[in-house]
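In what follows, a structure is listed as structure tokens, so that the remarks can point back to it.
Derivation of every value follows stated rules applied to the coordinates shown; laboratory data play no part. Computed from a prediction, not measured in an experiment: that's the story for all the values here. Cβ sites come from the backbone with ideal geometry, for glycine too, and all protein chains shown count toward neighbours.
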Amino acid sequence: AHYTLPTYLLKKPKKGKTSVQTNTMLWTLEIYLTLITACILSCTTAAMATAMRSAALVTGATDGIGVTTAKHLAAKGYTVLLHGRSEERLDKAKLLVETFVNARKTVSKEEHQAKIVYCLPAADLSTVSGSVALANSALELCREHDLKVVVLMNNAGVYSKDRIITLDGTELTFAVNVVAPFVITSLLLPHMATTATGGMVATPQQHEDQQTTSRIVTTSSISQCSHIRDWNDMEYSKRRYSAHSSYSESKLLDAMLTMEMSKRLVDAGLAPDQITCNCLDPGTVNTKMLLAGWGPIGIDVQDALDQTWLCTSNEVQGVTGKYFVYQHERQAARSAYDPTERQRMWSLLEKLSPEAAAIWSFEWLLRNNK
């Protein structure tokens with residue numbers, strides 16, 4: 001845009017003009033330039049807000065509840081980032097999500113023209129390095145395509161009948177169900193915090209003026225046990241391994257992780273206004289995991305919408321540090337609220353991934369606020 005100053009401001013004062021008159025003209029000029037600067041900054045900010053698109057990252061998104069959640073998030077207007085362990089399965093999941101959205105026609109013409117689904121490079125979340133690689137891939141994709149992750153759905157999980165030790169020396173169920181969410185959430189936190197505080201992200205049309213915070217959601221379960229039986233033997237090297245025991249401990253740890261992260265976010269001044277952190281039981285759903293452990297006792301995966309609800313609903317706007325079952329707040333196991341037990345968990349995770357744990361010192365936040 002071109003701006004022209006009023007002619008009277010450009011003319012030299014005539015001989016005899018008082019200094020008061022000259023000062024008045026200079027004062028008027030200063031105000032005029034200030035208004036122009038404010039206008040330019042306002043237009044620039046608005047343009048940046050329009051350019052950025054809200055993204056949702058769903059781990060374990062190639063089947064089961066993960067792909068169902070991805071479908072419905074995309075239908076609500078989010079650009080969805082899919083994680084999986086196989087490139088082939090990721091491509092199939094991407095097609096399922098796109099077909100679902102196109103059939104429902106719930107997105108605007110502009111959103112329809114934009115790419116709504118991205119497949120992240122296949123990543124194995126059984127190791128810290130695999131989780132780090134996934135987080136870095138997501139951040140790189142966001143930089144390349146002007147995306148901001150405003151929803152992180154930690155959905156990936158395993159139920160292993162056999163005791164398997166990963167390359168990191170940890171038991172598989174603990175590694176995928178607990179360590180991976182810790183690492184991924186930690187490494188994405190500065191990015192999501194910038195999203196929440198920057199005010200430059202275009203929210204999906206269907207949720208405009210509703211979702212104003214970033215959301216971290218982790219899948220726990222009503223199968224969570226009451227306490228960790230042996231903190232010194234998380235690998236089950238001494239005690240007898242049981243798939244149910246390992247799984248139930250991992251789901252308790254997911255609840256503990258949620259409560260601890262939420263508290264740290266509150267203490268840092270980020271939650272609940274800017275970021276929230278919650279967990280849930282996704283329902284009794286006939287996933288591969290449920291079928292392997294308990295049989296076909298649940299609902300169809302297509303009807304499993306509780307994760308989508310917690311990721312997007314205005315009912316939980318500004319709610320943090322909670323555990324939900326069937327879209328209602330419930331009490332998790334007592335250990336989830338025990339600071340001593342949570343510190344034991346945190347110390348263990350800190351040893352496994354010092355890089356992820358360092359994020360929670362919030363030094364990056366202090367630098368951003370300078």
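What pairs in 92/251; 263/351; 148/251; 161/251; 251/351 have C-alpha atoms more than 24 Å from each other? Pairs exceeding the cut-off: 92/251; 148/251. Each of residue 302 and residue 92 was given a label point 7 Å from its Cα along the Cα-to-Cβ line. The distance between the two points is 1.7 nm. Between residue 364 and residue 104, the distance separating the two model label sites (each 7 Å from Cα on the Cα→Cβ line) works out to 3.1 nm. In this label model, residue 328 and residue 168 are separated by 3.6 nm, measuring between points 7 Å along each Cα→Cβ vector.
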